[in-house]
Amino acid sequence: MKTVYVDGKFLPWDKAMIPVDDLAVLRGYAVCDIIRTIGGKPYCLDAHIDRLLSSATKIGLTPAWTKQEIKELVLKVIEKNTHMDEANIRILVTGGSSPDFFSPADNPRLIILATDIPALPAQWYTKGVKVITFFQQRVLPDAKATNYIPAVLALKKAKAQGAVEALYMTRDNMVLEGTTSNLFALVDGTLVTPENGVLKGITRKTVLALGEKLFPVSEQDLSLDTLLSASELFITGTNKGIVPVIQVNDHVIGTGLPGPGTRALIEAMKNQQGGTSNSSSVV
Ligand SMILES: Cc1ncc(COP(=O)(O)O)c(C=O)c1O
């Protein structure tokens, strides 16, 4: 049976609900994090919970749970969803019910769901993907808030153009990150990723650590011109792993094929995850 943890209880999926006066419903005031299991175990659990708690604090919520309590609840949710081999664990901290329907009243809710991990096409990894740019800057970029309205709009536009992701870009043409991914470029042999105005992805952190063994690495602002001049480009995320990017808008990157640096990093990540990488066909 699909079991959800919601506000202190483990409930069947169709019985799991929160009150309509929760600020997550009324004002879109909540934070979240998404983990994936590998071999049935949550991958980078500590890092994800640290980011969840930090996101909550950044939007002004005082989480009522310790890291250890959340960890134990996540493990229980995995244990109770025995029908799933691998899962995404989605954790939400909502603003809670509010007497004036606006101000947080120090009663956040915790929700933990186990959902299927989307299977992404194998050719994303073997042939690479197209992305588009989209003028947008996230509010409080280093907090993973549940407001993905710009992301939904940007991804719709991307899909209409045969692209799989949209890269947010400032009005002065600095490229930031994707709707649900971080961005890396190989520029003159250096692995570069935007430093400011982005969510510090957990996959981004892993890739930076693996990348340091292969290239000089630099966290820095990245202009669209520099991005387009890169020999290789890729995006990263919990479910995507490392996805080679071969086209940005109408511009072909490098040779138009996934490059050797990207392939080396995909391989390094696969090895680090014990061969069951989310950089393969099943992610
Ligand atoms: C805006 C944004 N940037 C980057 C990422 C990638 O983060 P992670 O590697 O932790 O999945 C995400 C993930 O959902 C995201 O929503």
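The values are calculated or read from the model by the stated rules, or taken from the named source; none is laboratory data. Owing to the predicted nature of the structure, the values given are computational and were not obtained by experimental measurement. All Cβ positions, even for glycine, are placed from backbone atoms using ideal geometry, and neighbour counts span all protein chains on display. Areas reflect the complete protein model, heavy atoms only, side chains present, ligands, DNA and RNA absent. Shrake-Rupley method; radii C 1.70, N 1.55, O 1.52, S 1.80 Å.
For first residues located in the stretch 8-22 and more than 19 Å from Leu73 (Cα to Cα) and at pLDDT 95 or above, partners that are open to solvent by 50 Å² or more (accessible area, probe 1.4 Å) and of a type in the set (Asp, Glu) and lie 6+ apart or on another chain with Cβ distances below 7 Å do not occur.
Please tell me if Asn147 is in contact (Cβ under 8 Å) with a residue 12 or more places away in the chain, within 14 Å of the ligand (Cβ to nearest atom), in the same structural domain as Gly261 (by TED's automatic domain parsing) and open to solvent by 30 Å² or more (accessible area, probe 1.4 Å). For Asn147, the condition - in contact (Cβ under 8 Å) with a residue 12 or more places away in the chain, within 14 Å of the ligand (Cβ to nearest atom), in the same structural domain as Gly261 (by TED's automatic domain parsing) and open to solvent by 30 Å² or more (accessible area, probe 1.4 Å) - is met. The condition of being modelled with pLDDT of 95 or more, under 30 Å from Gly256 (Cα atoms) and open to solvent by 40 Å² or more (accessible area, probe 1.4 Å) holds for only one of Gln68, Gln123, that being Gln123. Taking the stretch 183-260 and the strands (runs of 3 or more DSSP E) fully enclosed by it, the elements with 3 or more residues that are at pLDDT 95 or above and either buried (at least 21 other Cβ atoms within 10 Å of the Cβ) or within 16 Å of the ligand (Cβ to nearest atom) (or both) are at 190-193, 232-237, 241-248. For the criterion of being crowded, with 19+ Cβ neighbours inside 10 Å, closer than 24 Å to Gly28 by Cβ and either at pLDDT below 95 or of a type in the set (Lys, Arg) (or both), Arg109 passes.
Per-residue answers, yes or no, for (1) hydrophobic (A, V, I, L, M, F, W, C); (2) closer than 24 Å to Lys205 by Cβ:
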residue: Asp14; (1), (2): no, no
residue: Val25; (1), (2): yes, no
residue: Gly39; (1), (2): no, yes
residue: Pro42; (1), (2): no, yes
residue: Trp65; (1), (2): yes, yes
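Taking the stretch 52-107 as the range and being assigned to a helix (DSSP H, G or I) and touching a Gly at 6+ places or on another chain (Cβ under 9 Å) as the test, only Ile78 passes. Ala158 satisfies every condition listed in (1) away from the ligand (no atom under 13 Å from the Cβ); (2) open to solvent by 20 Å² or more (accessible area, probe 1.4 Å); (3) not in a loop (DSSP other than H, G, I, E, B) except (2).
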